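One structure below.
Just so you know, all these numbers are worked out from the coordinates, no wet-lab data involved. All of these numbers come straight from a predicted model, not from anything done at the bench. Positions of Cβ are generated from backbone atoms using ideal geometry, with glycine treated the same way; all protein chains shown enter the neighbour counts.
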Amino acid sequence: MLLITLLTVIPLLGALAAWIIPSNDRRPWVLPLVACLHLLIVSALCALPLSPSRGGWIHLDAIGRVFLLEIGGLFCACAFYAVNYLQYRQERNNRVLCMGMLVCLSAMSLAVVSHHLGILWLAIETTTLSMAPLVYFNRNARSIEATWKYMLICSIGIAVALLGIFFLAYSTVVAGLEPSLLLGPLQGYAPKLPVAWLNAAFVFMLVGYGAKMGLAPMHTWKPDAYGEAPGLVGAMLAGGLANCGFLGLIRIYQICMASGNVHFYRSCLIGMGLFSIAVAAIFLVRQTDFKRMLAYSSVEHMGLFVLALGLGGKALYGAMLHVIGNGLAKGVLFLAAGNIHRAFASKNRDVARGALRRTPWSGGLFLVGFLALTGSPPFLPFASEFSIFSAAFTNGRPVVGAFMVLLLLIAFMGMSFTVLPVVLGEPPKNRERTKYRDTPLLAGPPFVLLLIIALLGLWLPQPLYRIVTDAAALLEASR
Amino acid sequence: MNSAPDQLLVLVLLINILILGTHRTRVAIRAIATQGIVLGVLPLMIHSFHSHILIITLFVLLAKGVCIPWLLFGALKKVDFGEHMEPFLGYTGNIIAGALATVVAFAFAARLPLAPVHQGLLAVPAALATILIGFIALASRRKAIHQVIGYLLLENGIFIFGLLLTESMPLMVEAGALLDLIAGIFVMGIIIKQIGREFSSMDTSRMTALREVD
């Protein structure tokens with residue numbers, strides 16, 4: 001319990017420190033310091049057996065461990081990257097950025113460990129708020145537009161999710177049960193809950209948390225926010241906040257699956273997932289802005305998550321593995337994309353060409369990261385996407401599986417039309433070179449992330465394998 | 001429909017229509033503040049007296065009646081909003097849509113499988129109507145600050161539905177939700193000021209730099 005408390009309190013203390021430290025140079029070092037401490041606690045927590053505490057409100061289960069590992073690792077990489085990045089951006093006061101990142105880490109950690117739907121909702125709402133000033137870091141007309149869309153759509157989404165939670169609570173009142181918003185009791189109640197209210201709660205939470213995840217058609221804020229935010233903020237949005245939205249969806253999924261009447265939920269999830277992948281694939285073709293491209297790729301992978309929940313069975317193992325694979329691969333891509341953006345002072349593929357020559361490390365990372373994310377062996381996303389794909393066939397959904405592969409193929413080709421010129425093209429001759437060069441702290445963190453997903457793809461350590469299978473079993477057992 | 005809580009809920013419904021129909025931002029902010037105060041008083045009248053309920057009332061009055069209107073007026077002060085902008089559908093169209101939404105909410109609520117104690121209560125249709133009108137305001141308004149008011153209507157509607165559950169919701173969650181709402185409005189207020197500076201207007205339909213090129 002102490003460790004779990006520290007998990008949320010240490011980032012908050014870090015935020016306080018970032019607020020107090022007056023020097024713009026020294027302040028960013030708070031980020032890696034807190035990130036390392038956080039990651040240390042995360043590893044300790046994942047090794048220890050834990051039981052629910054505080055009357056079941058706070059409980060780190062296997063699903064939580066998967067998310068916590070992913071968030072901790074990604075944040076650590078972003079934190080080291082931030083130190084050097086903020087040196088490049090001396091002209092900006094970085095107090096708000098450092099504080100926002102740390103408050104967000106605290107809120108994400110709280111979301112992961114909470115088994116009370118109300119607390120989970122609060123934590124997810126806090127992540128949205130704490131990231132809003134960070135999207136606006138560049139202080140121009142484009143970023144204010146992106147921030148407004150992000151803030152408005154995510155706030156409405158999260159409000160709709162709250163209505164879903166109220167419906168769920170009300171369904172217990174209608175059924176004449178002791179009202180509760182705890183995951184455990186609700187799973188026990190599920191078969192007795194009135195179907196109409198439970199369905200309504202599910203749909204509202206799917207739409208609400210779906211807006212936060214960026215599922216189509218609620219994804220419109222995503223390309224703008226991811227495109228205008230700095231690379232490391234984009235990485236946290238794609239690998240941290242989007243996953244928190246997914247976690248919210250997982251919790252209601254666990255309750256709905258326990259109700260026994262699963263057909264409706266499965267079809268909703270499969271339909272929503274396929275639609276998101278399809279929309280993303282369409283917009284990925286002919287996308288000229290490589291940061292917006294990453295946003296659509298995130299829409300695609302969120303769709304994949306939801307699809308996997310709908311398929312069930314072995315796909316759940318794939319989904320849990322993909323939380324780690326997708327989160328870390330997004331970190332590689334966003335951080336490398338940020339470097340390329342700065343090297344060319346543009347994020348358009350017509351201007352930013354030939355990154356491999358200008359910034360060999362970042363260019364190479366962007367290319368290999370792209371291959372990793374789209375499911376090339378031997379990287380981790382290959383293993384997870386393959387599990388989801390094969391589950392579609394073994395669970396008797398061959399049409400869904402075939403459709404999914406087709407769309408992923410279109411998305412892959414669409415992305416390669418953007419990534420290949422950016423990395424391998426002929427650098428423009430008439431443009432001035434910016435002062436940006438790859439440094440160990442800017443190219444190192446994405447390189448380490450890439451190394452991790454490559455190693456995990458080749459060989460999944462036994463403890464991690466057990467955590468992932470336990471998480472999948474938790475999702476499965478709730479049926 | 002003669003009891004005091006029901007009369008207050010009718011007031012809430014009237015304020016909804018007022019907000020849809022007014023073109024003056026200050027009136028809209030005052031209206032949403034009044035609605036917040038009404039909502040703050042409601043838990044006291046619906047539930048039996050309890051310290052938990054009293055604290056919620058105080059929180060709501062402070063948040064929705066004082067803090068949020070103050071933040072919104074603060075955002076207005078920095079922005080020159082002399083120009084006058086018709087919402088999509090126009091004001092008359094908005095009022096008609098609002099009235100229709102209220103009718104639909106009543107018709108729909110009558111068919112919901114409610115708990116026997118809540119049968120015939122005005123709270124459920126009032127919640128649905130306020131949520132729907134919030135969405136109408138969000139979809140039709142172009143000024144950023146009016147979109148925030150639409151969002152607040154949505155939140156108020158959800159709050160009315162939450163009244164049915166006040167006794168089962170933990171205080172921490174309610175208080176936290178209100179705190180998050182205040183923080184959210186605070187952030188939105190800052191963004192509105194920046195929008196006013198960058199675009200010299202709060203018209204969000206001018207924000208078209210970010211879109212897919214074709």
**Complete:** For residue A:291, the aspartates and glutamates lying under 18 Å Cα to Cα, once residues fewer than eight places off in the same chain are dropped, come out as A:145, A:224, A:228, A:300, A:350, B:212, B:214
**Message:** Taking θ = phi - 60°, what integer Hz values does the Karplus form 6.51 cos²θ - 1.76 cosθ + 1.60 yield along segment A:315-332, in sequence order, with x for Gly and Pro?
**Reply:** 5, 5, 4, x, 4, 5, 5, 6, 4, 6, x, 5, x, 6, 5, 4, x, 3
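Using just the Cα positions, wrap chain B in a convex hull and report its mean projected area in square nanometres, one decimal place. Mind showing how you got there, number by number?
Values: hull surface 53.0 nm².
For the Cα atoms of chain B, the hull's average projected area reads 13.2 nm².
List A:415, B:45, B:169, A:101 from most exposed to least, where exposure is judged by having the fewest other Cβ atoms within 10 Å. Present the calculation step by step, with values, prior to reporting the outcome.
Details: A:415 26, B:45 15, B:169 20, A:101 31.
If I rank by nearby Cβ atoms, fewest first, I get B:45, B:169, A:415, A:101.
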**Complete:** Yeah, segment A:222-284 with a ≥ b ≥ c from its alpha-carbon gyration tensor (a/c under 1.5 is rounded, else prolate when a/b outruns b/c, oblate otherwise) is oblate
**Complete:** Among the DSSP H helices of chain B, those whose Cα atoms extend at least 18 Å along the helix axis and whose mean Kyte-Doolittle hydropathy is 1.6 or higher are B:4-21, B:123-140
**Item:** Mean residue ellipticity (222 nm) of chain B, computed from DSSP H runs ≥ 4 via -39,500 (n - 2.57), nearest 500
**Value:** -23500 deg cm²/dmol
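For n ≥ 4 DSSP H runs only, could you compute -39500 (n - 2.57) per run for chain A, divide by its residues and tell me the 222 nm figure to the nearest 500? Intermediate values should be presented prior to the final figure.
Numbers: 20 runs with 363 residues, N = 479.
-25500 deg cm²/dmol, from helical runs alone.
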**Message:** Defining a contact as two alpha carbons under 8 Å apart and six or more residues distant in sequence, what relative contact order in percent does segment A:2-477 show?
**Reply:** 16 percent
**Message:** Please list, ordered by chain and number, the residues whose modelled amide H lies under 5 Å from the amide H of residue B:143; skip anything fewer than 5 residues away on the same chain.
**Reply:** B:204
**Message:** How large is log10 of I(q)/I(0) for segment A:265-304 at q = 0.34 Å⁻¹ when the intensity is taken from the Debye formula with one equal scatterer per alpha-carbon?
**Reply:** -1.04
**Mean separation of Cα contacts under 8 Å, 6 or more apart, over the residue count of chain B: relative contact order %** = 26 percent
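Decide, for segment A:119-164, between rounded, prolate and oblate: order the square roots of the alpha carbon gyration tensor eigenvalues as a ≥ b ≥ c, take rounded if a/c falls under 1.5, and otherwise choose prolate if a/b is larger than b/c, else oblate.
Details: a/c = 6.32, a/b = 2.00, b/c = 3.16.
Taking the square roots of the gyration eigenvalues as a ≥ b ≥ c, segment A:119-164 is oblate.
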**Prompt:** Sorted by packing (mean other beta-carbon atoms within 10 Å per residue), highest first, where do A:189-199, A:243-253, A:339-349 land?
**Reply:** A:243-253, A:339-349, A:189-199
**Prompt:** Which ordering of A:98, A:36 is given by a fewest-first count of other beta-carbon atoms within 10 Å?
**Reply:** A:36, A:98
**Asked** Around residue A:88, with a cut-off of 13 angstrom between Cβ atoms, what is the net charge of the other residues, counting Lys and Arg +1 and Asp and Glu -1?
**Response** +2
**Asked** How large is ³J(HN,Hα) for each residue in segment A:126-137, as worked out from phi by the Karplus curve 6.51 cos²θ - 1.76 cosθ + 1.60 (θ = phi - 60°), to whole Hz, x for Gly and Pro?
**Response** 5, 4, 4, 5, 5, 8, 4, x, 6, 5, 8, 4
**Message:** Given bins 10 angstrom wide, list per bin the percent of all Cα-Cα distances in chain A, short to long.
**Reply:** 4, 22, 33, 27, 11, 3, 0, 0
**Asked** Going highest first, how would you order B:22-34, A:116-128 by mean Cβ packing within 10 Å?
**Response** A:116-128, B:22-34
**Request:** Mind sorting A:67, A:202, A:305, A:275 by how few other Cβ atoms lie within 10 Å of their own Cβ, fewest first?
**Result:** A:275, A:202, A:67, A:305
